[in-house]
1. As an exercise, find the ratio Rg/Rh for segment 3-90 from alpha-carbon atoms, using the Kirkwood inverse-distance average for Rh.
2. Pop a pseudo-label 7 angstrom from the Cα along the beta-carbon direction at both Arg192 and Thr11 and give the gap in nm to one decimal.
3. For Asp62, what charge total do you get from the other residues with a beta carbon under 12 Å from its beta carbon, if Lys and Arg give +1 and Asp and Glu give -1?
4. Taking H placed 1.01 Å from N in the peptide plane, check which residues at least 5 places from Leu26 or on another chain put their amide H under 5 Å from its amide H.
5. Would you kindly derive the ³J(HN,Hα) couplings of segment 13-28 from the backbone phi angles with the Karplus curve 6.51 cos²θ - 1.76 cosθ + 1.60 (θ = phi - 60°), listing them in order in whole Hz, with x for Gly and Pro?
6. Among residues other than Ser184 whose Cβ falls under 10 Å from its Cβ, what is the net charge (Lys/Arg +1, Asp/Glu -1)?
7. Would you please give the residues with an amide H less than 5 Å from that of Asp53, counting only those at least 5 places away or on a separate chain, with H modeled from the backbone geometry?
8. Could you please rank Arg92, Arg6, placing first whichever residue has the fewest other Cβ atoms within 10 Å of its Cβ?
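Any read-out appearing in this document is the output of simple, stated calculations on the displayed coordinates, not a laboratory observation. Computed from a predicted structure; not experimentally measured. Neighbour counts run over all protein chains shown; Cβ positions are idealised from the backbone, glycine included.
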Amino acid sequence: LDGTAREIVATGLRQPGDLALYHGLLWTGDTGWDALKGMGQIDEIDRVTPGADFGFPVCAGDEASLPCPDDVTPPAYTFPAHSTPLGMAAYRGDAIPILQDTLLVVLSGNRNDPVIAGFMVTALRFDAQGQFVERYDLMPNGDRLAGGARYTTDQLNYRNSGFFPRRPLDLAVSPEGWVYVSISGGRILALRQPGE
């Protein structure tokens, strides 16, 4: 690669936070408008295909009050406004079997919104064609790890026992399958099976 063959692969993204290769496809997380407090599902996970137009600034996510034109590529998955999908990685390890074949997403949140959204790490599973299959949250509550969770992520954040007011920023998966998460305030956390 010498940088001479530049190409615009996709348009209509506002703030793509990260890129990941998952199932051999390129994915990105995109954050909707800051000013639209109280809007619905406007933060997105998008499967990037050549020539895709994801609609910004005309529309975002699945928000019914901002319908997208027919030629806009719909998001693969949406999150509430201000969830802020920043970091992403495909899980390719063996250490945490429930994570195999998932796309891990850091939802960094927004401390300036009266409604807490995001502030978690979640796992999304898509099939080989990019169709959504399931979602489950990993941190801070781990609803499918170690027998379930006593509190929801929102409850933990409102109790100041989750990430909030700190923000998860990015993640990486080690060769053995541990998940490392960076958070504001200068910390890196490790998610691994108990006893490891």
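1. Rounded to two decimals, Rg over Rh is 0.97.
2. 4.7 nm
3. Result for the neighbourhood of Asp62: -3.
4. Answer set, sorted by chain and number: Val48.
5. Using θ = phi - 60°, the values come out as 9, 8, 8, x, x, 7, 10, 8, 9, 9, 6, x, 10, 8, 10, 9 Hz.
6. Spelling it out: positives minus negatives among the neighbours equals +4.
7. For Asp53, whose amide H was placed from the backbone, the distant partners under 5 Å are Thr11, Thr73.
8. In increasing order of surrounding Cβ atoms, one gets Arg6, Arg92.
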